[in-house]
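To start, the structure under review is shown below, and the notes come after it.
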Amino acid sequence: MCDSQDSKFNILYSGIVKFPPLPLTVLDTETTGFVPKVHQVMEFASMQVKDGVIVDTYEQLFSVREDIPPHIQVLTRILPEMISGKSTFEEKREEVSGHIGSDTLLVGQNLAFDIGMLKGEGIDMTDRPWIDTSLLAALVFPEFHSYSLQYMSAKLKLNHAPAHRALGDVRATLELLGAIWERLLELDADQLKFAKNIMSRSSEGYRMLFDALPDGGGKGATWITPLTRKHDEKEAHSLTLTKPPVGTVQLYEEGLHPGVLQEVINGCSEDASTTHWIAVKNLDHAVRRLNLPANTSVIYPPYQLLNPEAKDNLLTQEHLTADEALLCLKLTWFNPRTREDFAIHGNEKDVWNGKLTCTDTSDAYVSQFNTKAAVYLLDHRQLLSFLADPSHAAHGALKEGAHIIIDDASMLEDTATKAFGHMVSVDSLRAAASGNDALTGLTDLLTIWIEKIRGNEDLHFVTKADEERAETKGLRAQVGDMLASNDLTDKTREQLTELAALLEPVLLKDNIVWTEQRINGSLFLHAAPEYIDILLKTHLYDRYSTTLIVPRGCTETLAEVVPKATKVMSTIDPRRQPCPVTVTFPEDVRVADWLKNPPTGKTIVLASSKRMIEQFYIDHAEALEARGITLICQGLSGGQGRMQAEFTAAEGTAIWIMTPWMYEGTELPEQSADRLIIESMPFDFPGHPVFGRRKDHHRNGFEDYALPRLECRMFRLLRTFCKQRKDGGEVMILDPRLRQKAYGRRMQQYLSQFVEDVEAPAAKDGRSGQMKMF
């Protein structure tokens, strides 16, 4: 039960690593799943520390009533035969409680999960003081790109043995706490005084930790420094786009070269004849990647921009949750302007969304439009949102003669769907309700209403019958009463206004309305207009000179973006700028076989589904690890930020398996990947509410809607790889339908538009063709 490394650990770290002078219990669980009472704890480990010395180490496996899912076996390395015949948790409950202790500060990595799982097993510690090392690390290690224990163990050289098991996690967490404590000891007197004041209003565990810091402080925390954005200065050409007349949509057809947007911005900044509003799909990615001329102004959307008034309100709040308190420290020490200027971790994002962001009328947001510039850079969704609102402050800067350029316009349907639609997150509304009993009650009522109308469906279409329920009418009335209150913050009023719109029966006439429960249990209420092209014509094409930057060869397939009656002028980028990528179509290669003996280098594999990713992980993770190969899998290796950080930092051969939809949003440095493997052509999910409705607009929904969207997605995947690939990077497309189906040959023909010296894959004779793409 006590590990032999116990004494070695004490000898090694006694006098070297400093720990808080508090009685501590560091704990971790390994479980069969993620839902308390439904899933079970199959391993528990803990260490007690008193006076800086480990006084107790405990580790125990338990038998469970259910089979251990295969992917959990691989994640934890706990096999059925290892727990066969072991005591159940219930039989060991008192023993576990004794090792946790009754008078210690609980410590853990993402500890709320472990506390929830232990409560499901009959040990209720919800009233005990506790701290989460992942949240504290996000405060004191702002330079890190991930706050997973695995990533931080590698960065800080923590003892994380045995790997994959509860005791290894406990050891690493204890060392991480020591590293956190040492950084907190650097706080100078003023920083320390402020931190103690904030934590005195927060939960007991964090108050205890900060009260334990010695008065007087240290020499000053050098890690408290605003984040700076670094750009590689590169020579870039200028691209001048002709300004089309209002009412005529110019389609600028681009190739795979990733530098087109930079060239467009350079060209627009040199054009004094008009102002240019350039909308991009992901503003944060663009700002980090681009070199912006001096006369370019970035317009951040309200949800990414900190509202200084909301910050002041939070800092003076009488009682703070742990997430709120840690955010108060970050907001003061790092002085962020946008969400990208500092690390937000865990449930802090709900506090940000629920309490801290700007609204369309916030001074911090509106003041952005007072800056005079030749080029305004913003995102699709923000632009479309205020085009539909004539009272929006942007119209003081957006003159009728402006030229609007939309980059990555193959995504315009999806971003317009969000911009012209409505959405409410129950988690964000609950975070806004902290400290407001009336709003908390309303949030509870909304949760009950969603649960009642959706039944057991993860995705439920709201119907006329749902809108006519007595419960719906009652909820609608309570939202109206709440909006009549004068003591709401601007952000809360904005969220409630969205909710009121979603509950209006008239919304069902021209919109698709549905509820959604995600895998983590989060609830959402959505609405999307059925016809996007008409809204784009009304608010954009008929009012402003508009250029859409689109993939070459897709101008005939934008039916949901450009109405058929709209005048269109097309311009094809004639240049063949160097961005060579070799694309092959091997006939007999499967990802499962390829993973048995992957080549050296870094590979991104796009799998057809999360289920397929899980199976790859089950079948290959242990064998690859034994060979020193890093395997990162979506859904099993943490969030997107963690996976990006670990893939970038991995040494030697590394493989990252994800879905195509996640890959479109990845942001990796240049020269990051050697190859891209596309297992299957990434068609839209046919059961998605918006896709399912819009494909019915077409005579042949598959050929006229599904295939064009697939072509645009394939273009975006290849261009993303062009931004990230190493010299000589290659793409392998393994889908046999490229040869077997008529639409597969259509896809080959589409890809050939970007190709020189094409040797397309044969339809029947089995040859593996290849293309060199530019």
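Would you mind counting up the charge near Leu156? Only other residues with Cβ under 13 Å from its Cβ, with Lys and Arg at +1 and Asp and Glu at -1. Result for the neighbourhood of Leu156: +1.
Net charge in the neighbourhood of Tyr743 (other residues with Cβ under 13 Å of its Cβ; Lys, Arg +1, Asp, Glu -1) is +2. Between the entries [x] 27.7, 80; [y] 39.1, 133; [z] 28.1, 87, the label attached to Rg and Dmax of the Cα atoms in Å calculated for this structure is [x]. Using a probe of 1.4 Å on the protein chains alone, the accessible area found for Leu292 is around 60 Å².
Rounded to the nearest 0.05, the FRET efficiency derived from the C-beta distance between Asn295 and Asp188 at R0 = 35 Å is 0.30. Once the Cα atoms are used to define both axes, helix 707-724 deviates from the longest principal axis of the chain by about 60 degrees. Considering only Trp130, Phe62, Gly728, and ranking their Cα positions along the charge dipole of the chain that arises from unit charges at the beta-carbon of Lys, Arg, Asp and Glu, the one farthest toward the positive end is Gly728.
Between the listed residues Ala325, Val280, Leu314, the Cα displaced farthest toward the positive end of the dipole of the chain, a dipole computed from Cβ unit charges relative to the Cα centre, is found at Val280. Using the Karplus relation 6.51 cos²θ - 1.76 cosθ + 1.60 with θ = phi - 60°, the per-residue 3J(HN,Hα) values for the range 355-362 come to 10, 9, 6, 6, 10, 5, 10, 5 Hz, with x marking Gly and Pro. Asp427 contributes about 60 Å² of solvent-accessible surface, heavy atoms of the protein only, 1.4 Å probe. In whole angstrom, how far apart do the alpha carbon centroids of the range 15-41 and the range 465-540 sit? The range 15-41 and the range 465-540 have Cα centres separated by 40 Å. Per-residue extension of 0.36 nm, minus the Cα-Cα distance of His237 and Asn700, leaves a gain of 162.5 nm for this segment. On the beta carbon distance between Glu587 and Trp661, with R0 = 35 Å, the FRET formula returns roughly 0.85. Dividing the helix sum by the residues of the chain, where each DSSP H run of 4 or more adds -39500 (n - 2.57), gives a mean residue ellipticity at 222 nm of -10500 deg cm²/dmol. All other residues whose Cβ lies under 15 angstrom from that of Val107 are scored, Lys and Arg at +1 and Asp and Glu at -1, for a net of -3.
Label positions at Thr88 and Ala626, each projected 7 Å from the Cα along the C-beta direction, are separated by 3.5 nm. In the chain, the longest principal axis of the Cα atoms and the axis of helix 189-199 are about 90 degrees apart. Partners of Lys196 within straight-line reach, counting lysines whose Cα lies under 25 Å from its Cα and excluding those fewer than 8 residues away in the same chain: Lys18, Lys50, Lys219, Lys311, Lys330, Lys349, Lys355. Maximal additional length on extending the Ile572-Ala501 stretch stands at 21.4 nm, based on 0.36 nm per residue less the C-alpha distance. One decimal place: the segment His319-Ala438 gains 41.2 nm when fully extended, by the rule 0.36 nm per residue minus the C-alpha distance.
When the range 426-549 is described by a simple charge dipole with +1 on each Lys and Arg Cβ and -1 on each Asp and Glu Cβ, the residue from Leu446, Gln478, Leu503 located farthest towards its positive end is Leu503. Note on surface exposure: Val264, Val298 rank Val298, Val264 by accessible area, highest first, 1.4 Å probe.
If you take the Cα centroid of the range 400-460 and the Cα centroid of the range 315-353, the two points sit 22 Å apart.
Once both labels are positioned 7 Å from their Cα atoms along Cα-to-Cβ, the gap between Glu95 and Glu530 label points is 6.4 nm.
At a Förster radius of 25 Å, what calculated FRET efficiency corresponds to the Cβ-Cβ distance of His145 and Met208, to the nearest 0.05?
Working: r = 30 Å, r/R0 = 1.19.
The pair His145/Met208 has a calculated efficiency of 0.25.
Quick one: of the DSSP bridges fully inside the chain, what percent are antiparallel, nearest 5? Can you show the working numbers first?
On the way: 39 of 96 bridges.
Counting DSSP beta bridges with both partners in the chain, the antiparallel share is about 40 percent.
The heavy atoms of Lys464 present about 140 square angstrom of accessible area, all protein chains included, probe 1.4 Å. How would the range 417-472 be classified by its alpha-carbon gyration tensor: rounded, prolate or oblate, with rounded meaning a/c under 1.5 and the a/b versus b/c comparison settling the rest? Because a/c hits 1.5 or more and a/b fails to exceed b/c, the range 417-472 counts as oblate. Counting only protein heavy atoms and a 1.4 Å probe, the chain has 42 square angstrom of accessible area per residue. Roll a 1.4 angstrom probe over the protein heavy atoms and tell me the percent of accessible area of the chain that is carbon or sulfur. The C+S portion of the solvent-accessible surface of the chain is 50 percent. Excluding same-chain neighbours fewer than eight residues apart, the lysines reachable from Lys119 by a Cα-Cα span under 24 Å are Lys37, Lys86, Lys92.
The values are calculated or read from the model by the stated rules, or taken from the named source; none is laboratory data. These figures come from a predicted structure and were not determined experimentally. Using ideal geometry, Cβ is built from the backbone for each residue, glycine included, and neighbour counts are taken over all protein chains shown. In case anyone asks, the SASA skips ligands and DNA or RNA and just uses the protein heavy atoms, side chains included. Shrake-Rupley method; radii C 1.70, N 1.55, O 1.52, S 1.80 Å.
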